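Every read-out reported here was derived from the displayed coordinates using simple, explicitly stated rules and does not represent laboratory data. Every value quoted in this text rests on a predicted model; they were computed, and no experiment measured them. Please note: Cβ atoms are built from the backbone with ideal geometry, for glycine as well, and neighbour counts cover all protein chains shown.
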Amino acid sequence: MHIPVEPPTTRRFTPPSTSFPCSKIGDGNGAMATPGPLRTRPDTRNVVDVLADHAGELVRTDSPNFLCSVLPSHWRCNKTLPVAFKVVALGDVPDGTLVTVMAGNDENYSAELRNASAVMKNQVARFNDLRFVGRSGRGKSFTLTITVFTGPPQVATYHRAIKVTVDGPREPRRHRVKLEDPQKMQFSDRLSEIERYQRTMRIGPVNNNPRPIHQTHLSTTPGEDQWLTTDQSHRISFSLLKTHTPLSRPLSGSHAG
């Protein structure tokens with residue numbers, strides 16, 4: 001019985017086929033090494049560009065696809081916001097898409113809002129007179145939940161967005177006292193001026209060339225009336241009434257003995 005023996009196989013070097021390009025990892029030549037488009041880079045650029053175009057007006061949310069308006073840190077309930085609230089979409093959102101806003105915290109999980117819905121137009125949803133009616137509580141702020149009703153819906157959250165109270169922001173008590181101090185000083189200065197004016201009215205101005213005046217009475221001759229003005233005569237009369245001693249008052253000790 002003859003068993004055929006196969007010749008030993010030898011390894012031969014086969015050059016790579018030109019029909020299927022192969023390349024090493026990291027080599028820029030080849031279809032397999034062509035990197036795909038990065039998704040985070042364009043989004044980051046869009047966020048930076050939009051924030052730069054609206055400096056101080058927009059703020060990031062926890063969603064990379066949406067920005068929203070900056071709200072005041074403290075506001076009075078049921079009061080119109082200083083700037084209309086708006087939501088800006090960084091991705092493609094069709095016009096007419098409904099956008100709603102909800103506010104809440106651990107004390108008031110669903111605060112009452114007014115005009116809390118808008119529609120998307122040109123990637124911007126502008127809310128007409130959004131008002132916070134519900135209060136957030138002492139020392140607490142609301143968290144805003146923004147829902148964009150795409151398919152499927154998208155949700156963005158704005159943490160610690162706004163504190164809403166009955167009275168709204170007020171000056172601290174120590175600041176109010178400091179503001180009242182200048183008014184008190186002005187009142188005291190005014191009072192001292194009035195007192196000085198009253199003393200001047202009682203004493204009268206010093207005359208370098210006084211005319212002789214009788215101590216017991218004022219002359220009412222026509223000559224005297226010509227050099228005494230009305231204001232001076234009133235001051236002199238008042239001064240004489242204060243200093244003149246009536247002759248009819250008996251002297252002490254005159255009837256002794």
Task: Among residues of the range 98-131, those that are under 16 Å from Leu67 (Cα atoms) and part of a loop (DSSP other than H, G, I, E, B), counted - done: 3
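What number of residues within the range 113-122 are more than 22 Å from Arg76 (Cβ to Cβ) and surrounded by 17 or more Cβ atoms within 10 Å (Cβ to Cβ)?
Start the filter on the range 113-122 by keeping residues that are more than 22 Å from Arg76 (Cβ to Cβ), which leaves 117-122.
Within this subset, residues satisfying the condition of being surrounded by 17 or more Cβ atoms within 10 Å (Cβ to Cβ) are 118, 120.
Summing the residues that are more than 22 Å from Arg76 (Cβ to Cβ) and surrounded by 17 or more Cβ atoms within 10 Å (Cβ to Cβ) in the range 113-122 gives 2.
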- [ ] Could you run through the range 144-161 and say how many residues are surrounded by 18 or more Cβ atoms within 10 Å (Cβ to Cβ), within 17 Å of Phe127 (Cα to Cα) and of a type in the set (S, T, N, Q)?
- [x] 0
TODO: Determine the pairs where a residue that is of a type in the set (Asp, Glu), located within the range 121-147, has a partner that is surrounded by fewer than 17 Cβ atoms within 10 Å (Cβ to Cβ) with Cβ atoms under 9 Å apart, the partner being 6 or more residues away or on another chain.
DONE: Asp129/Thr80; Asp129/Leu81; Asp129/Ala84; Asp129/Arg114; Asp129/Asn115
TODO: Only residues that are over 15 Å from the mean Cα position of the chain (by Cα) and assigned to a strand (DSSP E or B): list them for the range 55-80, please.
DONE: Leu58, Val59, Arg60, Phe66, Leu67, Cys68
Open item on the list: I want to confirm something. Restricting to the range 77-104 and keeping residues that are buried (at least 17 other Cβ atoms within 10 Å of the Cβ) and not aliphatic (A, V, I, L, M), which single residue is nearest to Arg135 (Cα to Cα)?
Closed with: Cys77
